[in-house]
Amino acid sequence: MRQAFLTVDLGFGDAGKGSIVDFLTRTYEAHMVVRYNGGAQAGHRVVATAADGVTTQEHVFAQFGAGTLAGAATHLSRFMLLEPLAMLAEEAHLQTLGVTDAFQRTTIDARAVVVTPFQRAVNRAREVARGVGRHGSCGMGIGEAMADYLAHGPHVLLAGDLADRDRLYAKLTFLRALNLQKVQALQPHSDVWAAVATELELLLDPAWDEWLLDAYGEFVAQAQIVPGHYLTARLAQPGAVVFEGAQGGLLDEWDGFHPCTTW
């Protein structure tokens, strides 16, 4: 028997999606959780307790599926915005909880758009430049990455590019130049530079490739990047699958309440 549960938040987020996904995973022994939207700006808290009510594990899931503590695999679909550096940090926290196989249980669609430190830097600089008109951005670079993808399509960085060092370098070079142009347009806002100095250092650093390529290499050594048909094959297997949504319907970029919207 095959079952699929789709979690959808119809509000502004913070509706308890993490705990719901964990509950569904345990109740129906789901073998996989599929993240079908959003990115590293998600914050799905799961608190696992023993029979006596004592907390045994607690984690805020951003990119790994919220069914991880319950033993499910994770699949990041092509509609996810992947942030490899943030995912490495998230996995390090799971390690402290005794979850040592999170990456082994995770697959990533090769077509997923990758959010880079360059886009994150521009996101934060642009938000500061808005002054009193700030949108309340999480500062993860989600909107900038999507804007680059919509404008330049296959020229942006995709998950499938991470394993090819030459292609990775070429695409990062392109994205750095593109986002440097965006930052230059913010120069009249002098207060931007002081407020986001650390982020802009990453964008302006001429030796960016010396550390960023190695960091992505560390990610690729652990991550399992798969072709698009992988999910179709997994869905054909018996058992339950939980599709984990992120954010909320009222944040939708077309139908939500601007500026409180997200990609």
Q. Does L88 qualify as being more than 21 Å from G245 (Cβ to Cβ) and within 13 Å of the chain's Cα centre (by Cα)?
A. yes
(Q) What's the number of the only condition in (1) more than 13 Å from the chain's Cα centre (by Cα); (2) among the aromatic types (F, W, Y); (3) open to solvent by 50 Å² or more (accessible area, probe 1.4 Å) that F5 fails to meet? (A) (3)
Q.
If I go through the stretch 210-263 residue by residue, how many of them are touching a helix residue (DSSP H, G or I) at 6+ places or on another chain (Cβ under 7 Å), under 21 Å from F64 (Cα atoms) and of a type in the set (S, T, N, Q)?
A. 1
(Q) Tally up the residues in the stretch 139-157 that are touching a residue at least 24 places away in the same chain (Cβ under 8 Å) and crowded, with 17+ Cβ neighbours inside 10 Å, please. (A) 11
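State yes or no: is F61 aromatic (F, W, Y), open to solvent by less than 10 Å² (accessible area, probe 1.4 Å) and at pLDDT below 95?
Considered against the rule, which asks whether it is aromatic (F, W, Y), open to solvent by less than 10 Å² (accessible area, probe 1.4 Å) and at pLDDT below 95, F61 comes out as yes.
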**Q.** Complete set of residues in the stretch 78-129 that are modelled with pLDDT under 95, closer than 19 Å to L172 by Cβ and open to solvent by 10 Å² or more (accessible area, probe 1.4 Å)
**A.** R120, N123, R124
Q: Considering each residue of the stretch 216-260, count those that are among the small types (G, A, S) and surrounded by 18 or more Cβ atoms within 10 Å (Cβ to Cβ), and give that number.
A: 5
Q) Residue check: is T49 of a type in the set (S, T, Y), out of contact with any helix residue (DSSP H, G or I) (no Cβ under 9 Å at 6 or more places or on another chain), open to solvent by less than 60 Å² (accessible area, probe 1.4 Å) and at negative phi? A) no
Q | Selected residue (criterion: nearest to E244 (Cα to Cα)) from residues of the stretch 20-58 that are touching a residue at least 40 places away in the same chain (Cβ under 8 Å) and hydroxyl-bearing (S, T, Y) | A | Y36
**Q.** Among residues of the stretch 158-183, those that are over 19 Å from A207 (Cα atoms), outside any loop (DSSP other than H, G, I, E, B) and touching a residue at least 60 places away in the same chain (Cβ under 8 Å), counted
**A.** 3
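The values are calculated or read from the model by the stated rules, or taken from the named source; none is laboratory data. Source: prediction; values computed, not measured. Note that we place each Cβ from the backbone using ideal geometry, even for glycine, and neighbour counts take in every protein chain shown. Side chains included, ligands, DNA and RNA excluded: accessible areas come from the protein's heavy atoms. Shrake-Rupley method; radii C 1.70, N 1.55, O 1.52, S 1.80 Å.
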